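Worksheet: one structure, shown below.
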C-alpha cells in the first residue's frame, strides 16, 4: 500500500532529506520510500517508483512529498509517524555527522527541554553572550572558554547570583557534576567528597588521589581562576559552597585555589565556618591570614588536601634513585598550572631559588638572574596561543623537553602526565617515543601520572610505559617534586 | 537587546533582493543559514560555510553566532530598508557589504588540454560524486550505477540536452531547448535544475551568452510551474552567468589548464549532490566545446535574427 503526505512550502536541506528517506525505507515492513519536492518531474519519478497516490499527486513544486510503500497499514502508519518525527526535529547542517548535534543553544533546548546545564566552549569574545543566553534560559553554565573579559565575568556572575544559578569559569577546564566528568576530568567513583576548585588540574589531582585512595567524589565544581578576586568576591565559590553544603551526599568539602584576596578569603572562610561539614582549604602558595573556623583545616599542597579526606598519608615512591651528578638543576615541564605551582611551593620550602613563567609568591620570573630551579607551565597562554594545549597534544612539550635534555646543568626533569576525558589518548606513549629518539645520556626523569584506572588511557598502563622507559613515577605530583629534590641533592 | 551584526559580502542577486523588496518572509531555517523569500526572489543568509554565490549574503562566523541564537522561526517577517534587514530579533546591516563577483573567464582556452582535464575530472567524478544525484549519470553514463527510477528517467533527458547543446554550438537550429530536466530529482534544488545551472554558467564561460539566453528562455518559463521557487531563483542567476564560487573556480581551472583539486573539494561540499550536479552540467557544455574543431566558424543563431 502507498501512503503519502504533503508538507506545504517545506524546505529541508538535501542531506537531511536523503537521510530521512533512507532511514524510513529501512524500517520494517517498508518496501520503498522517498522524500522529494513535488515538482511534476519528481511526481513522475515517484509514480514510476510506485510511490505516488492521489493525495501525493496534489503536491505543488514548492511542497515536500513524503511517500512510502508499505506491506501493511500498521507499517505504513509507523513509518509515517517516524518520518514526521525526523522532519520536525531541529534541522541539521549539511555536513553534520550521522548523529544530530545541535548548533545553537536554542536547538539544544528544543531537543532536551529539561536540561539545566550548558557547557560553553566558543572563542572568548563570544562566550559571555552565549553564557548570558543560557542563564536567561534558566541554565547553570560552565564556561570552558578563556580570554573572557573580566568585566563580563563580573556581570555574568552577578546575574547568575540574582537568578540563583551557577557560572563555572571562565577558563573552567574541569568539573564533575553528578558523576559526569566535564571537559578535562577523570573517571572517578561517586562518593561523599565535594571539591570546589579555581584550578582544573588541581581538581584533577585531588579527585584522582582520592579515587585511587578508595574514596569518591560527589561533585567537583570549577570556579575559574579569578573568582576569588576583590571584584568578583567569590560569587561562584560561595554559591558552590551553598550547593555542596545543602547536598546530602557531600560529607567533606575541599576548596582549592591560589591565595585569594584577603577580604574575599575572610568572607569565604566565614561561610565555610557556618557549615556543619568539615572543610579542607588548599591555597597553593599562601595560608589565609584570618583565623580558620573550627571545621576548616588548611592543606598546603594538593596531596595534603587529599590526605585530609583519606585520613592517611598517600604512598610515596620507594624505588631506587639515580646516581647523583654535578648537574643540580630541576627543570619542570608541566601541562598543569596548579601542579607547577605546587612544585614551586615544595621547592621553595626546601630553601631553593625557583623561577617560573607562572610564578607563585616567592618565585622569581624567568628573567631572574642566578642559579635557579626552572619550572615551566606549558599550559600558559604563551605556549598555547594558536597551538593545542599540551594535555591535548603532548608534542607541544617535545621542544622544551629536548632543550632540557641537552642542558648539562639539568640534573632532573620533572613532568606531569595527565589523563582523563578530552585528553590525548596516550600521553605516556608519546613521551616514551620522544625519549626513544634520544641516544645520548640524559638527566633523570621524574613524573607523576594524574588519572585513574577507569580513565580512557588507564593509569596503570600509562605508568607501565613510563617505568619501562626508565622514568621514575611517583604517586603524586608533590612526591614527584620531593623525588626530584632528592635527585639533585 | 536586539542583536546587530553585518553582512560582510553578498552576491548580485542578494543585493538586488534588498534593493527591490521592502518586506519578505523567512521560508527556511538551517543550522548555518536561513532563506528569505519575496515574490519569486530569494536570498540565502548564512555563515562563511554557505560560500560565495549570487543569492548568498555572508555573515562572518562571529556574527553568525549572534544570528543563530536569535533567529526566528519559518514564517517570520523581514523588513528591508535603510541598509538593514530586520528579521525577528535580529538586525543585519547590509550597508557595508562588499559585492561578490565571479572571477573573469580565461580567454582562448586550449581545447586539447581542456579535453585532458575533463578526462581527469570525469575519472574523479566516477569515484567521488554521490550516486544519489545525476552527476555520475551525466559524466560517465549509467554503467556501474545502481538501477534507479531517477537514472532511467534522467538518462534520456540528459542525452537530449547534450545533443541540443552540441547541435546549437556547431550548427544552430530552430529546435527548442529541452526543458524536461527542470524540477527533476532529489534535493532542496532538484538535481536537474542544478545540472542546468552548471550548463548555463559554462555557456557564459565559453562566450556562448546568446545560447545561454536561448536555453533559459525555455527552462525559465518551465521553472515557473515545474520547480521550487528557490530553484527557479538559482536558474535565473545562472542565466546571468552566475553560480556558486566553487563552480566558477572549477570551470576557470579547467579552461586555464590548472588543477581542479582544490575547487573540486569545495564543489563537493555544496549540498549533498548539488555541487556535483552543477559541475556535471558545466562539463557537459565544456566537453562539447572541447570536441568542436577550432576552425568551426560561428554561424549566426536563428534566434538572433
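Please treat every number below as a calculation from the coordinates, not as lab data. Remember, predicted model here, so these are calculated numbers, not experimental data. Counting neighbours? That spans all protein chains shown, and the Cβs are built from the backbone with ideal geometry, glycine included.
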Take chain B, connect every pair of alpha-carbon atoms lying under 10 Å apart with a spring to form a Gaussian network, then pick out the residue of B:117, B:152, B:16 with the largest mean-square fluctuation.
B:152
If I fit a long axis through the Cα atoms of helix B:274-291 and take the longest principal axis of the Cα atoms of chain B, what angle between them do I get, 0 to 90°, rounded to 10?
30 degrees
Sticking to Cα atoms, compute the Rg of the stretch A:106-310 to one decimal and its Dmax as the biggest Cα-Cα distance, whole number, in Å.
15.9, 50
Going highest first, how would you order A:45-53, A:242-250 by mean Cβ packing within 10 Å?
A:45-53, A:242-250
Compute the distance from the alpha-carbon center of the stretch A:233-268 to that of the stretch A:118-151, in whole Å.
21 Å
Starting from the 7 Å offset along Cα-to-Cβ, what nm value, one decimal, do you get for the label separation of residue A:438 and residue A:318?
2.9 nm
Cα-based helix-to-principal-axis angle, A:150-163 vs chain A, degrees rounded to 10:
70 degrees
Work out how much length residue B:49 to residue B:16 would gain on full extension: take 0.36 nm times their residue separation and subtract the Cα-Cα distance, in nm to one decimal.
9.7 nm
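Could you work out the mean count of beta carbons from other protein chains within 10 Å of each residue's beta carbon in A:225-233? Spell out each step's value before the answer.
Working: counts 0, 0, 0, 0, 0, 0, 0, 0, 0.
Mean number of neighbouring Cβ atoms from other chains: 0.
By how many nm would the segment from residue A:154 to residue A:248 lengthen if fully extended, with 0.36 nm per residue of separation less the alpha-carbon distance?
Numbers: separation 94, 0.36 × 94 = 33.84 nm, distance 2.99 nm.
Difference between extended and current length: 30.9 nm.
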Convex hull of Cα atoms in the protein assembly as shown, direction-averaged projection (nm²)
40.8 nm²
Estimate the FRET efficiency between residue B:256 and residue A:48 by the formula 1/(1 + (r/R0)^6), using the beta-carbon distance for r and 41 Å for R0, to the nearest 0.05.
0.45
Between residue B:209 and residue B:98, what is the label-point separation in nm under the 7 Å Cα-to-beta-carbon projection?
2.5 nm
For the Cα atoms of chain A, what angle does the longest principal axis make with the long axis of helix A:14-25, in degrees from 0 to 90, nearest 10?
70 degrees
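Between residue B:82 and residue B:116, what is the FRET efficiency for a Förster distance of 45 Å, r being their Cβ-Cβ separation, to the nearest 0.05?
The computed FRET efficiency comes out at 0.30.
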Using only DSSP helix segments of four residues or longer, with each worth -39500 (n - 2.57), what per-residue ellipticity at 222 nm results for chain A after dividing by its residue count and rounding to 500?
-10500 deg cm²/dmol
Find how many whole Å separate the alpha carbon centroid of the stretch A:164-181 from the alpha carbon centroid of the stretch B:30-97.
34 Å
Which of B:191, B:148, B:259 moves the most in a Gaussian network model of chain B with Cα springs under 10 Å?
B:148
Given springs between every Cα pair under 10 Å in a Gaussian network model of chain B, which of B:112, B:240, B:37 has the largest fluctuation?
B:112
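Would you kindly calculate the translational diffusion coefficient of the stretch B:158-215, applying Stokes-Einstein with the Kirkwood radius from alpha carbon pairs, for 10 °C and a viscosity of 1.306 mPa s, and quote it in µm² s⁻¹ without decimals? Before the final figure, lay out the partial values.
On the way: Rh = 11.8 Å.
Value of D from the Cα-based Kirkwood radius: 135 µm²/s.
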Equivalent ellipsoid dimensions for the stretch B:111-304 as semi-axes, Å, which come from the Cα gyration tensor, largest first:
22, 21, 16
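Per DSSP H run of at least 4 residues, take -39500 (n - 2.57); add these up for chain B, divide by its residues and hand me the 222 nm value, nearest 500 deg cm²/dmol. Numbers along the way, then the final one.
Values: 11 runs with 145 residues, N = 305.
It comes out at -15000 deg cm²/dmol, rounded to the nearest 500.
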Roughly speaking, what is the centre-to-centre gap between the stretch A:1-29 and the stretch A:274-348 when only Cα atoms are used, to the nearest Å?
60 Å
